[in-house]
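Values quoted throughout were computed directly from the atomic coordinates according to the rules given, and no laboratory measurement underlies them. Quantities reported herein were computed from a predicted structural model and do not represent experimental measurements. All Cβ positions, glycine included, derive from the backbone under ideal geometry; neighbour counts span all protein chains shown.
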Amino acid sequence: MTNPAPRSTEIVTARMSQAAIDAGLRQFMISVYNYMASGLALTGIVAYGAAETGLYASLIDTPMLFWGVTLAPLALVLLLSFRIEKMSLGAAKTAFWAYAALVGLSLSGIFFVYTGSSIARTFFITAATFLAMSLFGYTTRADLARTGSFLLMGLVGIIIASIVNLFLASSIVQLAISVVGVIVFVGLTAYDTQRIKEIYLNSDSPAIAGKKAIMGALALYLDFLNLFILLMQLTGNRRD
């Protein structure tokens, strides 16, 4: 007769290994969501503070400074995207916080355009939608890679259409951009969540995993922020 003990040992070892992987993944995703939530909180605090203190109004009166603040987040995104592997974990965190703060400063004008109640309402709608789609992306067994490719093409189309509409100034085109944009970023939330899960499996050191958590947080931060802005354009109540 065959001794079942070695087979049983292999099963127990495999289960323990899988449990360790699952625990590590949960810790990694918690880190990603914590970075993202902290970044959004910092953006909101800076945006509200700049609006209330008059800092945003001062920026408007200084066009060069205003455009510098507006374009600086793009520079930080490019820095994180192309240089994060050569950056220390501390430097990557600092760049992420600086990005979140600068985005908040550039978005302060939202408090002058929309009512506070509609901003709060849209934020909670965005949060609920984001949570549902991120949970779907985390739990689904379906491979979202092909869907993600179409969504990224849709994102490129939205960017091109938005640039064209700067010259057309068409409200109908802007409405179409907002509707399509909401669909794209709802889908990207699920796709990015699944992609971040897969990224974790390739992390071979705590420092690299930490930096990948920051990049994952940045991706989800952008999904949330763009979804919020597009929903504000569709449902926000403007001030009289």
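What shape does region 95-172 take by its C-alpha gyration tensor, where a ≥ b ≥ c are the square roots of the eigenvalues and a/c under 1.5 counts as rounded, a/b above b/c as prolate, and the rest as oblate? Note, shape of region 95-172 comes out oblate. When the trypsin sites (Lys or Arg not before Pro) in region 145-240 are filtered for DSSP coil states and for at most 16 other beta-carbon atoms within 10 Å of their beta-carbon, the remaining sites are 239.
Between the amide H of residue 237 and those of 115, 118, distances stay under 5 Å, these residues lying 5 or more places away or on another chain, with hydrogens modeled in the peptide plane. For region 5-235, a crude dipole built from +1 on the beta carbon of Lys and Arg and -1 on the beta carbon of Asp and Glu, taken about the Cα centre, is about 440 debye to the nearest 20. With a Förster radius of 41 Å applied to the beta-carbon distance between residue 85 and residue 176, the computed FRET efficiency rounds to 0.60.
Note on residue 167 and residue 78: the model spin-label points, each 7 Å out from Cα along the C-beta direction, lie 2.3 nm apart. With respect to the chain, whose longest principal axis is taken over its alpha-carbon atoms, helix 206-235 is tilted by about 40°. Report, in whole Å, the centroid distance computed from the Cα atoms of region 51-77 and region 108-123. Region 51-77 and region 108-123 have Cα centres spaced 19 Å from each other. Using alpha carbons only, how many degrees (0 to 90, rounded to 10) separate the axis of helix 171-200 from the longest principal axis of the chain? Once rounded, the angle reads 30 degrees. Overall, region 159-240 carries a charge dipole of about 100 debye about its Cα centre when +1 sits on the Cβ of Lys and Arg and -1 on the Cβ of Asp and Glu, all other atoms neutral. For the chain, averaging the sequence separation of C-alpha pairs within contact (under 8 Å, six or more residues apart) and dividing by the residue count gives a relative contact order of 30 percent. Counting 0.36 nm for each residue step from residue 34 to residue 53 and taking away their Cα separation leaves a gain of 4.0 nm.
With the simple model of a label 7 Å out from the Cα in the direction of the Cβ, residue 124 to residue 234 spans 1.9 nm. Extending 7 Å from the Cα toward the beta-carbon at both residue 115 and residue 136 defines two label points whose distance is 3.1 nm.
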